[in-house]
1. Can you tell me the orientation of helix 169-181 relative to the chain, as the angle in degrees between its alpha-carbon axis and the longest Cα principal axis, to the nearest 10?
2. Sequence gap of 8 or more, or different chains, plus Cα separation below 27 Å: how many lysine pairs satisfy both in region 18-69?
3. Quick one: dipole size for the chain, taken about the Cα centre, charges +1 on Lys/Arg Cβ and -1 on Asp/Glu Cβ, in debye to the nearest 20.
4. Sum -39500 (n - 2.57) across every DSSP H segment of at least 4 residues in the chain, then divide by the residue count to get the 222 nm mean residue ellipticity, nearest 500.
5. From the P(r) of the chain, could you give the percentage of C-alpha pairs in the tail past 29 Å?
6. Once label points are set 7 Å from the Cα along Cα→Cβ at both Gln11 and Val96, what is their separation, rounded to one decimal in nm?
7. Percent of Cα-Cα pairs more than 14 Å apart in region 1-64, please.
8. Counting Lys and Arg as +1 and Asp and Glu as -1, what is the net charge of the other residues whose Cβ lies under 11 Å from the Cβ of Gly133?
Amino acid sequence: SISGMAQLMRQGRIDLLIDSPFPTYVINKLSGAEPIAIRWKDGHEKYSTVIYADKSSGIKTLDQLKGKRLVFEDPYSTSGYFLPKSELLNKKYKLVEKSVGQTVDKDEIAYYFSSTGHDEVDKGNAAAAVEIGYKFDKNLALHPGAYTVLMKTIDVYRHIVIARSDLDPQLKAEIVSILLNMDKDDYGKEVLKDISETSKFTVLPNMNVAFEGVKELTKYIEAEIVAR
């Protein structure tokens, strides 16, 4: 769990964590850990989330999702849940988790989870779905004119590496050096590829930008993140 991971870092039983911005920020906040690097995945340093509808549905705005269903990808995912949900809450939309068979009130957006959002929209089970921005762009290129973008979220870092606060400074510096140089030799590249297609690690411009945007949005879903 998120709270359990924060406790392990406080106890010194976990030294490093690599995760997406929302859970990493909460663990950082609860444990006092320090951001030390950025993990690039699939060639991307940052990403956003797109909420989209089938163009044939006639839905063109978020307001038109009231009384309908939105499908998120995964209850533990920044791009597939935390990021789009927090932005919708920030825009004052009422979100309620409901199964496909349940009645949806006209003032709420009901949501459920599926790893195949496109299929759910195509089948008519959901009025809209979410997808990582760069994957959506590729899909739209294959099916031009098929979908309408209802919202694009802010950009956030793909993954952030944090280290427990009392990790030896010299050891921490050596770890950062190793991470930053892994993409510069063949063995390092092999290891990176095995870590879910990691492209490389880079340093943060400064520590203040590690959770830019996420910090402000977390207030809407922090209790839910901690409970997971």
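1. In the chain, helix 169-181 runs at an angle near 60 degrees to the longest axis.
2. Values: Lys29/Lys41; Lys29/Lys46; Lys46/Lys60; Lys55/Lys66; Lys55/Lys68; Lys60/Lys68.
For region 18-69, the number of qualifying lysine pairs is 6.
3. Its charge dipole is roughly 620 debye.
4. Helices in the chain give a 222 nm mean residue ellipticity of -9500 deg cm²/dmol.
5. Of the Cα pairs, 33 percent sit more than 29 Å apart.
6. For the pair Gln11/Val96, the computed spacing is 4.0 nm.
7. Of the Cα pairs, 66 percent sit more than 14 Å apart.
8. So the environment of Gly133 carries a net charge of +1.
Read-outs throughout are calculated quantities, based only on the coordinates presented, and are distinct from any laboratory measurement. As the structure is a computational prediction, the values presented were derived from the model and not from experiment. Note that we place each Cβ from the backbone using ideal geometry, even for glycine, and neighbour counts take in every protein chain shown.
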